[in-house]
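S.K.: Sharing a structure with you now.
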Amino acid sequence: MHLSCLYLHIINSAYNSELYNTVVQNEKEWYKMPRIRTVHSKVYATPRRPYEKERLDQELKLIGVYGLRNKREVWRVKYSLAHIRKLARELLTLEEKDPRRLFEGNALLRRLVLIGVLREEQMKLDYVLGLRVEDFLERRLQTQVFKKGLAKSIHHARVMILQRHIRVRRQVVNVPSFIVRLDSEKHIELSLRSPYGTGRPGRVKRKNQKKGAADEDGGDDDE
């Protein structure tokens, strides 16, 4: 190859390489994921008066009775209850034959009956205004596990759920605040893999079994 041709070939290769690097760099910048700002909806509301003795005593009692972790769990239930009652009040202001009241009201009442907060004979919007925080806390999986006798205490029930010892139907649930439906209440059982049930023994039990087997072997050797 002639020297001039070789020189031009080198120049073109260098130019193409630089152009390729520029294109790749631009593609990398183009493929960068943009920063997406997510807007999360509120799940609880803090009290307007932070130092109200009656409310503080009530929240502390609820935490102790239902084994809650903190007051945010109480505020979360109160926020949901306030939203439900607000919707019921809005529907009560409408006419009884109003399409919105018939559609949304029946949907709300069916949902509350389904989760066991209301009874079937209470399918009226007036009963929704009389709901309490305790009605929803009673339907938590943690409370139901304790009431069914699967745990020694309400706090033990929370530990068992978090350690995946509890299942609802065929699904293992590790959320203590899981709302149990009426038709799923009788299907709360120990997990198939739980050492409390038919699963593999736990670490301490396996260790004790191994130690007991070793002691028996030692006793046989002495004889």
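S.K.: Please work out if GLU121 is in a helix (DSSP H, G or I) and modelled with pLDDT under 95.
M.R.: It is true that GLU121 is in a helix (DSSP H, G or I) and modelled with pLDDT under 95.
S.K.: Now a separate question. Does ARG72 satisfy being surrounded by fewer than 17 Cβ atoms within 10 Å (Cβ to Cβ), under 18 Å from the mean Cα position of the chain (by Cα), at pLDDT 95 or above and not assigned by TED's automatic domain parsing to the domain that holds ILE161? Spell out how you get there, then give the answer.
M.R.: Values: surrounded by fewer than 17 Cβ atoms within 10 Å (Cβ to Cβ): yes; under 18 Å from the mean Cα position of the chain (by Cα): yes; at pLDDT 95 or above: yes; not assigned by TED's automatic domain parsing to the domain that holds ILE161: yes.
Spelling it out, ARG72 is indeed surrounded by fewer than 17 Cβ atoms within 10 Å (Cβ to Cβ), under 18 Å from the mean Cα position of the chain (by Cα), at pLDDT 95 or above and not assigned by TED's automatic domain parsing to the domain that holds ILE161.
S.K.: Return the residues of segment 47-69 that are surrounded by 12 or more Cβ atoms within 10 Å (Cβ to Cβ), of a type outside the set (D, E, K, R) and more than 13 Å from LEU137 (Cα to Cα); say none if nothing qualifies.
M.R.: Those that are surrounded by 12 or more Cβ atoms within 10 Å (Cβ to Cβ), of a type outside the set (D, E, K, R) and more than 13 Å from LEU137 (Cα to Cα): PRO47, LEU56, GLN58, LEU60.
S.K.: Go through (1) part of a helix (DSSP H, G or I); (2) within 20 Å of GLN144 (Cα to Cα) for LEU56 and report which single condition fails.
M.R.: LEU56 satisfies every listed condition except (2).
S.K.: Against the condition of a type outside the set (S, T, N, Q), closer than 19 Å to VAL173 by Cβ, outside the structural domain of SER184 (by TED's automatic domain parsing) and surrounded by fewer than 16 Cβ atoms within 10 Å (Cβ to Cβ), how does LEU87 come out, does it pass? First the steps, then the outcome.
M.R.: Working: of a type outside the set (S, T, N, Q): yes; closer than 19 Å to VAL173 by Cβ: no; outside the structural domain of SER184 (by TED's automatic domain parsing): yes; surrounded by fewer than 16 Cβ atoms within 10 Å (Cβ to Cβ): yes.
The answer is no for LEU87.
S.K.: Collect the residues in segment 125-154 that are among the hydrophobic types (A, V, I, L, M, F, W, C), exposed (fewer than 15 other Cβ atoms within 10 Å of the Cβ) and under 14 Å from HIS165 (Cβ atoms), keeping them in residue-number order.
M.R.: none
S.K.: Does any residue of segment 89-103 turn out to be within 27 Å of SER41 (Cα to Cα), part of a helix (DSSP H, G or I) and under 27 Å from the mean Cα position of the chain (by Cα)?
M.R.: The answer is no, given that none of the residues of segment 89-103 is within 27 Å of SER41 (Cα to Cα), part of a helix (DSSP H, G or I) and under 27 Å from the mean Cα position of the chain (by Cα).
S.K.: Looking for whichever is under 19 Å from LEU62 (Cβ atoms) and either in contact (Cβ under 8 Å) with a residue 12 or more places away in the chain or of a type in the set (Lys, Arg) (or both) here; the options are LEU137, LEU162, LEU182. Which one fits?
M.R.: From the options LEU137, LEU162, LEU182, the qualifying one is LEU137.
The values are calculated or read from the model by the stated rules, or taken from the named source; none is laboratory data. Predicted model only: the values in this text are computed from it and were never measured. A quick note on method: Cβ atoms are made from the backbone with ideal geometry, for glycine too, and the neighbour counts reach across all protein chains shown.
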